[in-house]
Amino acid sequence: MAQKTSSKDSVVKPNDEQKKFEKINTLIHSNSENASLYVAQEIASLIRERQKQGKMAVLGLATGSTPTKVYDFLVKFHRKEGLSFKNVICFNLDEYYPMQPDSIHSYVRFMNEHLFDHIDIKKENANVPDGTVSKEQVRTYCENYEKKILNAGGLDIQILGIGRTGHIGFNEPGSSMHSKTRLVRLDRVTKLDAASDFFGQENVPSRALTMGVGTIMNAKRILLMAWGEGKAQIVQEAVEGEIRESVPATFLQHHNNCDFILDEASASFLTRVKTPWLVGDCEWNEKLIKKAAIWLSEKLGKAILKLTNEDYNEYGMGSLVAEIGSAEQINLKVFNQLQRTITGWPGGKPNADNSQRPERELPHQKRSLIFSPHPDDDVISMGGTLLRLVDQKHEVHVAYQTSGNIAVFDDEVIRFLDFATDIEKEDKQLQERFRNVRQFLSNKSPGQIDSPEIQEFKGLIRKGEALAACRYCGVPEENAHFLNLPFYETGAVKKKPHSEEDIKITYDLLNKIQPHQIFAAGDLSDPHGTHRVCLQVVYKALDRLVEDSVDWIKDCYVWLYRGAWQEWDISDMEMTVPIGPKDMARKISAIFKHQSQKDAAMFPGNDEREFWQRAEQRNKETAHKYNALGMAEYEAMEGFVRYKFD
């Protein structure tokens, strides 16, 4: 069920025909943890080899969420396997400018917390660009940084992430292939992506110090890592696209020893993964046939039932036609598969033949448990389905996995406390607490962690909004469960890894409710990682229930929805619930109950629209795609994938 990390991870190694569109060597791992282990092992091998030779190993390091697991593994190798870093010199890619090294946003602090403080590297060998250098000295400082790399013998391995604009380091679109370490101005998209870390785009520095593309290209070995669906598009452009300055990562096509290390999600747009029939013969199965027919339908702008033998032959699917017999047989097969995913009865239709429906009939009234990573994901992502379940008299429970407290603006706390102190004017203790809160917030610096008291107040604001949404949707207040999973409660964007306590809280709730169906957020593109951790916790709790041979789990269906960031591909959807105009309006009204997230969210991600706008557009787009394939025309649709566990 939950994937285990192993050095024997099954890396997808394509043959030459499958790689014909790829201009950079690309290795696809089953998940980011296995991929991170692969990179960490290569770095460790280099260090050990140089130790035997009596030489230094020179590493180029990166920051951000992508390499953190690599650093975790390196620390583990140091502590448990005795890997020494005394013969290692590190040079980091970049740093915001200006930036104090002790700032919570500083890459100096990041590297200390994730790596340097936990290994035996010599302090003078851990180099991170200095964000405190005066403007007059920047040019000289950057030239000296370059010389220091050269004097160390050049970079043996440079690890990289990739930005949404295709930037490597802070080399934004327009960077020259021969650029060196320098001061740069950050792209608007880069600042938007960094906004969550700085608690607002206005707090993100507009400049940074970065190694140049030329500096990176001089490394003897380059390993670029990318995780998640959110990176799939830019990875495909970098690996298969033309070399151009507007996508700096494409310059890596010129390097003779560069590998892209990907998980399955970030590799999903590569031709050999997305449309394998274009690169050679396929082993056709039910899922691939469905995927191919839908792709061809969308490519040609034809309904599924209108595709011809010639259409299939022209786009590399002649073998499929030969295997199945005719285009008509393929079309009808896929059309029926799509038709059967559509249901207005997400809990199963009573007194009906449900053999061709996504959900079974019995029991007629089900207990449905919806896991919501944040206090508004339930209504944003599957509000229409939630309303349908309530309308059809199922017993609906919602488990809010985290408090969501860091996503509340400071002014909201003052607004609510203003109200409370006006009501309780004689409560001296409350008045004093309010004065302390005001004083703290007036002196608070951007990104500073709130006091425990303010974190509690912000959590209560979001709890109240979630309860208001439940009441509006018809979910009894006693069916709203606020888990407040401990991994989230750091007060910062960066969270702790999930713990045994997180799993136990989830396990106990599942065993208490014993649901017939579970809905969980399968959105791994959440840029802040909370959805990913919440899903891991649910998976591990389910694993444990299976291991404990709990009876009720045998008859439980698990459905995964996508969050605010991305929708499932049509070919993956196994249940789609139509939403009419009235229910779409009800769903939006439920989202509006989350007033602290209305108008402007603290963490908008890479989409500046409000959450209700994203949800409405996404649901309508799904309905439009189904209609274009030849299905009935609906106002909107919510899609789900069934998770099948042992």
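When Arg562 is tested against the conditions (1) closer than 30 Å to Thr190 by Cα; (2) more than 20 Å from the chain's Cα centre (by Cα), the lone failure is (2).
How about segment 163-190: which of its residues are surrounded by fewer than 17 Cβ atoms within 10 Å (Cβ to Cβ) and within 23 Å of the chain's Cα centre (by Cα)? Within segment 163-190, Arg164, Arg188, Val189 meet the criteria. Scanning segment 241-269 for residues that are over 30 Å from Asp572 (Cβ atoms), of a type in the set (S, T, N, Q) and outside any loop (DSSP other than H, G, I, E, B) turns up just one, Gln253. The residue that is nearest to Lys333 (Cα to Cα), counting only those in segment 619-637 that are open to solvent by 30 Å² or more (accessible area, probe 1.4 Å) and within 26 Å of the chain's Cα centre (by Cα), is Lys625. On the given criteria, is Trp277 closer than 30 Å to Ile570 by Cβ, open to solvent by 30 Å² or more (accessible area, probe 1.4 Å) and in contact (Cβ under 8 Å) with a residue 40 or more places away in the chain? No. Say we look at segment 309-342 and pick out the residues that are among the hydrophobic types (A, V, I, L, M, F, W, C), more than 21 Å from Arg357 (Cα to Cα) and in a helix (DSSP H, G or I); which of these is farthest from the chain's Cα centre (by Cα)? Taking the candidates together, the pick is Ala322.
For segment 46-69, taking the residues that are out of contact with any Phe, Trp or Tyr (no Cβ under 7 Å at 6 or more places or on another chain) and hydroxyl-bearing (Ser, Thr, Tyr), the one that is farthest from Asp156 (Cα to Cα) is identified as Ser65.
Scanning segment 330-363 for residues that are without any contact (Cβ under 8 Å) to a residue 40 or more places away in the chain, open to solvent by 60 Å² or more (accessible area, probe 1.4 Å) and of a type outside the set (Lys, Arg) turns up Leu332, Asn351, Asp353, Ser355, Gln356, Leu362.
Taking segment 1-36, which residues are surrounded by 20 or more Cβ atoms within 10 Å (Cβ to Cβ), under 19 Å from the mean Cα position of the chain (by Cα) and either of a type outside the set (Gly, Ala, Ser) or at pLDDT below 95 (or both)? Correct list: Ile28, His29, Ser32, Asn34. Filtered by the rule that a residue be without any contact (Cβ under 8 Å) to a residue 60 or more places away in the chain and either under 27 Å from Ser355 (Cβ atoms) or under 32 Å from the mean Cα position of the chain (by Cα) (or both), segment 290-308 gives Ala292, Ala293, Leu296, Lys299, Leu300. Within segment 41-59, residues that are closer than 12 Å to Leu74 by Cα and among the aliphatic types (A, V, I, L, M) sit with their Cβ atoms under 7 Å from residues that are assigned to a helix (DSSP H, G or I) and open to solvent by less than 10 Å² (accessible area, probe 1.4 Å), at 6+ positions apart or across chains, in these pairs: Ile43/Leu74; Ala44/Leu74. Filtered by the rule that a residue be surrounded by fewer than 19 Cβ atoms within 10 Å (Cβ to Cβ) and either assigned to a loop (DSSP other than H, G, I, E, B) or of a type in the set (Lys, Arg) (or both), segment 567-585 gives Asp569, Ser571, Asp572, Glu574, Gly580, Lys582. Of all the residues in segment 254-289, those that are more than 26 Å from the chain's Cα centre (by Cα) and not β-branched (Val, Ile, Thr) number 13. If you go through segment 554-564 and keep only what is surrounded by fewer than 21 Cβ atoms within 10 Å (Cβ to Cβ) and at pLDDT below 95, you end up with Lys554, Asp555. Can you find a residue that is open to solvent by less than 50 Å² (accessible area, probe 1.4 Å), of a type in the set (Ser, Thr, Tyr) and over 18 Å from Pro67 (Cβ atoms) anywhere in segment 244-265? Within segment 244-265 (the criterion being open to solvent by less than 50 Å² (accessible area, probe 1.4 Å), of a type in the set (Ser, Thr, Tyr) and over 18 Å from Pro67 (Cβ atoms)), the answer is yes, since at least one residue qualifies.
Filtered by the rule that a residue be open to solvent by 20 Å² or more (accessible area, probe 1.4 Å), touching a residue at least 60 places away in the same chain (Cβ under 8 Å) and not small (Gly, Ala, Ser), segment 484-512 gives Asn484, Glu489, Val493.
The residue pairs whose first member lies in segment 522-550 and is within 18 Å of Met382 (Cβ to Cβ) and assigned to a loop (DSSP other than H, G, I, E, B), whose second member is at pLDDT 95 or above and β-branched (Val, Ile, Thr), and whose beta carbons are closer than 8 Å, counting only pairs six or more residues apart or on different chains, are Gly522/Val641.
The single condition among (1) open to solvent by less than 10 Å² (accessible area, probe 1.4 Å); (2) over 24 Å from the mean Cα position of the chain (by Cα) that Ala468 does not meet is (1).
The set of residues in segment 350-405 being part of a helix (DSSP H, G or I) and farther than 24 Å from Glu567 by Cβ consists of Asn405 alone. Can you spot a residue in segment 153-160 that is modelled with pLDDT of 95 or more and surrounded by fewer than 16 Cβ atoms within 10 Å (Cβ to Cβ)? Yes; the residues of segment 153-160 include at least one that is modelled with pLDDT of 95 or more and surrounded by fewer than 16 Cβ atoms within 10 Å (Cβ to Cβ).
In segment 67-96, which residues are aromatic (Phe, Trp, Tyr), in a strand (DSSP E or B) and within 27 Å of the chain's Cα centre (by Cα)? The one that is aromatic (Phe, Trp, Tyr), in a strand (DSSP E or B) and within 27 Å of the chain's Cα centre (by Cα): Tyr96. Filtering segment 175-204 to residues that are modelled with pLDDT of 90 or more and either among the small types (Gly, Ala, Ser) or farther than 25 Å from Lys220 by Cβ (or both) leaves Ser175, Ser176, Ser179, Leu183, Arg185, Leu186. When the test is whether a residue is buried (at least 20 other Cβ atoms within 10 Å of the Cβ), farther than 28 Å from Gly522 by Cα and modelled with pLDDT under 95, Val213 does not pass it. The set of residues in segment 113-126 being outside any loop (DSSP other than H, G, I, E, B) and either surrounded by fewer than 17 Cβ atoms within 10 Å (Cβ to Cβ) or at positive phi (or both) consists of Glu113, Asp117, Lys123, Glu124. With respect to Ala238, determine if the residue is part of a helix (DSSP H, G or I), open to solvent by less than 10 Å² (accessible area, probe 1.4 Å) and in contact (Cβ under 8 Å) with a residue 12 or more places away in the chain. Yes: the conditions hold for Ala238. Filtered by the rule that a residue be closer than 22 Å to Leu485 by Cα and either assigned to a loop (DSSP other than H, G, I, E, B) or β-branched (Val, Ile, Thr) (or both), segment 551-564 gives Val558, Arg562, Gly563, Ala564.
The values are calculated or read from the model by the stated rules, or taken from the named source; none is laboratory data. The structure displayed is predicted, hence computed values, not measured ones. Glycine also receives a Cβ, built like all others from the backbone with ideal geometry; neighbour counts cover every protein chain displayed. These area figures cover heavy atoms from the full protein model, side chains too; ligands, DNA and RNA do not enter into them. Shrake-Rupley method; radii C 1.70, N 1.55, O 1.52, S 1.80 Å.
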